[in-house]
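Worksheet for the structure shown next.
The values are calculated or read from the model by the stated rules, or taken from the named source; none is laboratory data. For clarity, every value in this text was computed on a predicted model and none was experimentally measured. As a convention, Cβ positions derive from the backbone with ideal geometry for all residues, glycine included, and neighbour counts pool all protein chains shown.
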Amino acid sequence: MLLPCGNQVMINIGDLIDDRYRLVALLGEGGMGAVYEALDIITSRRVAIKFLKPEVARDKENLGRFEREARAMATLSHQNIVSVLNIGSYQGLPYMINELVTGKTLDQELDSRTKFTYLEAIDILDQLCTAVKTAHSKNVIHRDVKPSNIYISSDGIVKLGDFGIAEYIDAQQLNKDSSILGSAHYLAPEICQGKKATFQSDIYALGITLFQLVTGRVPFDGATIVDVAIKQIKEPLPSPKKYIHGFPKALENVIRKATKKRPRDRYLNVDDLKRDLNHLKQNPKLLKPRVSIWVRWFGFAEEA
């Protein structure tokens, strides 16, 4: 059991954590915590250490969430999931040691590239499906699948991380007040309504992520989180053809199936989604826009 930290905690580059991990650089910092690069002085391996912020760790709910992330990730061993190597506390501050992924998040890639080709996006989703399938096989629902939690290593391996609000199906919900966690742009309608997440909630997030990868934008946006959540619940998914002329119907069908408003109308499991993605990979002609006689004669595009 990790213990809440005291009021005064100082973390500095050069500190030796657990007599083994030497902090070498700050990788990033957010509202919940900070991530450092560290050197394992025993194995000479570089790792990532995630610390909760002192003010965050003093909240029992946040501490429980952090413990749950570590517990969930520790049960999941797969090349498409960021590995947890160790957990502990330093000066009373909880930390988690993960493998260090050399590469970028999908969010960062989208910032620089805007969008991916159809085949690139399908390959990314195919690897993500494998990661989510592994989690589901252990009865773990991620609940926060989104580009900023997805990493692409330098060798092209896609890795899913940040199981901070992951939920065991048989576990009691942390949020007894049904507060909405995660990023509203990727949250399934049922979660936006305060209902319990299911496997189909992760499938919905995969579908929204696929939509963003191929169009360069999320389907629902708004001035506030509540605005976006209401759209997730009530508004139909816009057609990708609204943004890309000639968008392939077969790919749109996959996105629509994954993002149905009612969980029972979506793919029953990740295997079914993965099967349809592989069908598109094996039949790339399905990803070509439908070309009419007007295109052949006059050269202008028509929506598929």
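For this structure, a couple of remarks:
- Residue in region 53-63 that is touching a residue at least 40 places away in the same chain (Cβ under 8 Å), basic (Lys, Arg) and outside the structural domain of Glu29 (by TED's automatic domain parsing) present: no
- Counting the residues of region 213-229 that are surrounded by fewer than 18 Cβ atoms within 10 Å (Cβ to Cβ), modelled with pLDDT of 95 or more and assigned to a helix (DSSP H, G or I) gives 0.
- In region 241-255 there is at least one residue that is in a loop (DSSP other than H, G, I, E, B), among the aromatic types (Phe, Trp, Tyr), over 19 Å from Pro189 (Cα atoms) and assigned by TED's automatic domain parsing to the domain that holds Leu128.
- For the residues Phe66, Phe51, the requirement of being at pLDDT 85 or above, touching a helix residue (DSSP H, G or I) at 6+ places or on another chain (Cβ under 9 Å) and buried (at least 20 other Cβ atoms within 10 Å of the Cβ) singles out Phe51.
- Each residue in region 197-238 was checked for being of a type in the set (Gly, Ala, Ser), in contact (Cβ under 8 Å) with a residue 60 or more places away in the chain and farther than 24 Å from Ile141 by Cα, and 1 pass.
- Qualifying residue in region 49-63 (condition: in a loop (DSSP other than H, G, I, E, B), over 30 Å from Leu206 (Cα atoms) and not hydrophobic (A, V, I, L, M, F, W, C)): yes
- The set of residues in region 244-260 being more than 25 Å from Ser201 (Cα to Cα) and in contact with a Ser or Thr (Cβ under 7 Å, 6 or more places away or on another chain) consists of Ile244 alone.
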